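The values are calculated or read from the model by the stated rules, or taken from the named source; none is laboratory data. Computed from a predicted structure; not experimentally measured. Cβ placement follows ideal geometry from the backbone for every residue including glycine, while neighbour counts extend to all protein chains displayed.
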Amino acid sequence: MELKMIETLRRINRIVALLVGFGLLACAAFILADIIMRQVGTSFGGTEEIAGYTMALATSWGMAFTLLELGHVRIDLLRTKFQTFGRALFDVFSMVVMSAVIVTIAIKAWPVVERSITNSSRANTPLETPLALVQLPWFAGWVWFAVVSCLTTLAALGLLLKRRHEETENFVGAFAEQDTLQ
Amino acid sequence: MIGYVSVGLLGLLALSIPVGIVLFLLGFGIDTFFSSFPLTRGLGNMVWSSSNSATLIAIPFFVLLGEILVRSGVATRTYAALDRWVSWLPGGLIHANVATATMFSATSGSSVATAATVATVAMPQAEKLGYDPKLFSGAIAAGGTLGIMIPPSINLIVYGFLTQSSIPQLFLAGLVPGLALALAFLAVTAIICTIRPELGGQRRTFPFPQMLRALIDLIPIIILFGLIVGSIYRGWATPTEAAAVGVAGAFIIALAFGGVSWDMLIQSLTGTVKITSMIMLIVIGASFLNFTLASAGLGRELTEFMNGLGLTPLKTILVVVVLYIVLGFFIETLSLMVVTIPIIVPLVVAQGYDVIWFGILMIVLIEMALITPPVGLNLYVVQGARNSGSLNEVMLGALPYCLTMLGMAFLLIAFPQIALWLPQLLQ
C-alpha cells in the first residue's frame, strides 16, 4: 500500500514538474520577446516582475517533485557506515524533521497571503499585480510540499514498523546526483 | 552564537538531515535562544521574498541550457573536435578532457553536469586508446570543477544573491582565474606526461584540413558563450535576460545538430526543475538563517570574536583557507558555500577584503572540495562513468590538479588583481 501511494505521488509530481518546466520555458520566451521588442524601441514592461513570480511558483511547486526524486542534498557520510536498518532509521528521522520544518513553513506562509487578501495589496510596480493572485498558488505549492512530505514520512514509518525497512531506500534514501545528470 | 551555529551545523548535517532543512533549524534555534523578539514571525515573508526573485530565475535558465546541450549530443562533437586540436601535446587526449570541460563550463553553470558530460563521452576513448586511467579520469573530475568558476556560474549567482554583490562583476572576476586554471591544468598535464610518458597515451596529430573542419563543431558553443557573456558586459541584458537568450541559443544549436526530441525536452525540463528546487531549498534556508543571524547581532559578536583572536587580515584569510579545505573533505560545493557565507563573508569583509574578490577565492576553494575525498561529488560522477577500476585511481589522478587549485588560491591571495583587474577595467 505504502509503495503504491509513493508511486501515485511520484506520478502526480512528474506532471507538476513538467508543468513547472514549461512555465519556466514560457517565461524565458517572454523575456526573449521583450529583449527583441526593446531593440525596436518598445517593451512589454514588467518582465522582471513576472520572472520573479515565475521563480517563486517554480520553487514552491518543484519542491515535492525533488523530494521524491531524492534530489534534496544530504550529507550521508555517517549514514553510509550503517546497514540497511540503520540507514532506514537515519532516513525516517530526517524525513520526520523535514516534514515538521516544511509544515511550519507552510503555516507561516499563510499570513503573507492573508495580509495581501485583506488589504487587497497590489505590487509596488508598473503592473500593480494583485499580490494574492500570485501568493495563493505560491502558498498552495508549499502546502503540497508539506502534504507530500508528511505522506512520504508516514509511508516510510509504516514500512519500518512492518520490518520492511529495505524498501524505504527507494523513496527516502540518500540522493544520487550522478544517476540523474547523465 | 558562533559556537552554537558551528556545532549545530556540523551535528545536524552529520545526522543526514537535508542541508536546506538544517539551515532552517539553525534559524529557529537562533530565534529561540539568542533573539529577544520573535524572528520566526518573519519566516513566511522571508520565504516569499527570497524566492520571488528575477535574479534567481537565471539559475533554472542556466541549468536548462546545460541540460539541453548535454542531452542533445553536442558534447560528443565538441570532444571530437577538441581532440583534433589539442591531442598533439604530451598527454594526448587528456588535454581534450580539460578543454571540453572548460568549454562546457563556459556555457553550463554546473560542475557536476560538466564532469558527467565529459566523463560519459571520454571514458570509452580512454579504454580504446590504452590510457592510464588515473590521470585520465582525474583530469575529467578536475576539469569539470571549472563549471562553477567560468561564467555563467550558478554558484556565483547564489553568492551574489546572498551577499548582495553585483553578479556581472562576479562573472567578470571569475573569467581570468577560470581560464588561468584551465591553462594551468593543461600545463600540469603536459609536464607530468613529459616526465612520466607512460601516464599519458599516444600523442596524435591530425591533418590541418581535418582540424579546420572540426572547428565547425566548436563555433556554435563559442558563439553561445560570446552571446551570453557579451550581452551582460555590454549592458544589453541582465544576467537573467542573458540566461534566457542562452536557452534559446542552446535550442537552436541542438536543433541544428538534430538532437531535439520530445523525450529529450521532457527530461531536460524535469531535470531542470529538480536541480532548481534542490538549490532553492538551500538558498531559502540560508536567507532565513542570514536574517536571524543578522537580527540577533552576529556582526557585533563577530567583531568581538576577531578582536579577541587578534589575527592580522592575512592570517584571517589563511585560517579561512584551511577551514574550507578541511570542511571541503566532507561538505559539497553549494552546501559548503551557502552554509559558510552568513558567518565567513561578514568576517572577511570586516577585515577590509573585497567581497567580489573573496567570492572568487571561495569558488576556487569549493572547487577543490569537489575533488577531495571522502566526499567529492565529481570523483563519484567520473567513477560512475567508468566500467572498471577503483575510486582510488580517480582520487590519485585528481591530486595534481587539486594542488594546482591550491596554488591558484594562494596566487589570488598574493595578487588580488588576478580577479579584480577585469571588473575594474570595464567599470
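Checking the structure you have, find out if any residue of the range A:30-44 is within 16 Å of the chain's Cα centre (by Cα), at the interface with chain B (Cβ under 7 Å from one of its Cβ atoms) and either in contact (Cβ under 8 Å) with a residue 40 or more places away in the chain or surrounded by fewer than 23 Cβ atoms within 10 Å (Cβ to Cβ) (or both). For the range A:30-44, residues within 16 Å of the chain's Cα centre (by Cα), at the interface with chain B (Cβ under 7 Å from one of its Cβ atoms) and either in contact (Cβ under 8 Å) with a residue 40 or more places away in the chain or surrounded by fewer than 23 Cβ atoms within 10 Å (Cβ to Cβ) (or both): absent. In a residue-by-residue description of the range B:337-348, the property of being within 27 Å of B:Ser137 (Cα to Cα) and touching a residue at least 12 places away in the same chain (Cβ under 8 Å) applies to at least one position. Scanning the range B:211-231 finds one or more residues that are within 17 Å of B:Gly66 (Cβ to Cβ), among the aromatic types (Phe, Trp, Tyr) and not in a loop (DSSP other than H, G, I, E, B).
Only one entry in B:Thr238, B:Thr189 is within 14 Å of chain A (Cβ to nearest Cβ) and among the β-branched types (Val, Ile, Thr), namely B:Thr238.
Screening B:Asp132 on (1) surrounded by 24 or more Cβ atoms within 10 Å (Cβ to Cβ); (2) modelled with pLDDT of 80 or more; (3) not small (Gly, Ala, Ser) shows it passes everything except condition (1). Of all the residues in the range A:131-140, those that are exposed (fewer than 15 other Cβ atoms within 10 Å of the Cβ) and within 18 Å of A:Gly45 (Cβ to Cβ) number 1. Taking the criterion of being surrounded by fewer than 13 Cβ atoms within 10 Å (Cβ to Cβ) and either among the charged types (D, E, K, R) or within 14 Å of chain A (Cβ to nearest Cβ) (or both), the residues of the range B:214-235 that qualify are B:Arg234, B:Gly235. Within the range B:73-91, the residues that satisfy the criterion of being surrounded by fewer than 24 Cβ atoms within 10 Å (Cβ to Cβ), outside any helix (DSSP H, G or I) and either more than 14 Å from every other protein chain (Cβ to nearest Cβ) or modelled with pLDDT of 90 or more (or both) are B:Ser87, B:Trp88, B:Leu89, B:Pro90. Candidates in the range B:195-224 are the residues that are within 17 Å of B:Val98 (Cα to Cα) and of a type in the set (Val, Ile, Thr); of these, the one that is modelled with the highest pLDDT is B:Ile222. Quick one: would you say A:Leu77 is part of a helix (DSSP H, G or I) and either out of contact with any Gly (no Cβ under 8 Å at 6 or more places or on another chain) or more than 24 Å from B:Leu377 (Cβ to Cβ) (or both)? So A:Leu77 does not fit the description; no.
Restricted to the range B:256-277, and to residues there that are within 9 Å of another protein chain (Cβ to nearest Cβ) and out of contact with any Pro (no Cβ under 9 Å at 6 or more places or on another chain), the residue that is nearest to A:Trp138 (Cα to Cα) is B:Ser277. Would you confirm, using the coordinates I've provided, whether B:Ser105 is polar (S, T, N, Q) and either within 30 Å of A:Lys108 (Cα to Cα) or not in a helix (DSSP H, G or I) (or both)? Taking the combined requirement at face value, the residue does not satisfy it.
Filtering the range A:155-173 to residues that are among the hydrophobic types (A, V, I, L, M, F, W, C) and either crowded, with 21+ Cβ neighbours inside 10 Å or without any contact (Cβ under 8 Å) to a residue 12 or more places away in the chain (or both) leaves A:Ala155, A:Ala156, A:Leu159, A:Leu161, A:Phe171, A:Val172. B:Ala248 meets all of the listed conditions (1) in contact with a helix residue (DSSP H, G or I) (Cβ under 7 Å, 6 or more places away or on another chain); (2) modelled with pLDDT under 90 but one, namely (2). For the range A:51-67, the candidate set comprises residues that are of a type in the set (A, V, I, L, M) and in contact (Cβ under 8 Å) with a residue 40 or more places away in the chain; within that set, the residue that is farthest from A:Gly141 (Cα to Cα) is A:Leu67. The one condition from (1) over 27 Å from the mean Cα position of the chain (by Cα); (2) not in a helix (DSSP H, G or I) that B:Asp31 does not meet is (2).
Checked against (1) in a helix (DSSP H, G or I); (2) crowded, with 16+ Cβ neighbours inside 10 Å, B:Val260 passes all but condition (1).
Taking the range A:93-128 as the search range and keeping residues that are of a type in the set (Val, Ile, Thr) and surrounded by 18 or more Cβ atoms within 10 Å (Cβ to Cβ), which one is nearest to B:Asn45 (Cα to Cα)? My answer is A:Val112.
Counting the residues of the range B:1-58 that are more than 9 Å from every other protein chain (Cβ to nearest Cβ), β-branched (Val, Ile, Thr) and within 30 Å of A:Ile50 (Cα to Cα) gives 0.
Is it fair to say A:Leu70 is free of Cβ contacts under 8 Å to residues at least 60 places away in the same chain and outside any helix (DSSP H, G or I)? So A:Leu70 does not fit the description; no. Return yes when A:Leu57 is in a helix (DSSP H, G or I), within 16 Å of the chain's Cα centre (by Cα), closer than 21 Å to B:Gly249 by Cβ and among the aliphatic types (A, V, I, L, M) and no when it is not. It is false that A:Leu57 is in a helix (DSSP H, G or I), within 16 Å of the chain's Cα centre (by Cα), closer than 21 Å to B:Gly249 by Cβ and among the aliphatic types (A, V, I, L, M).
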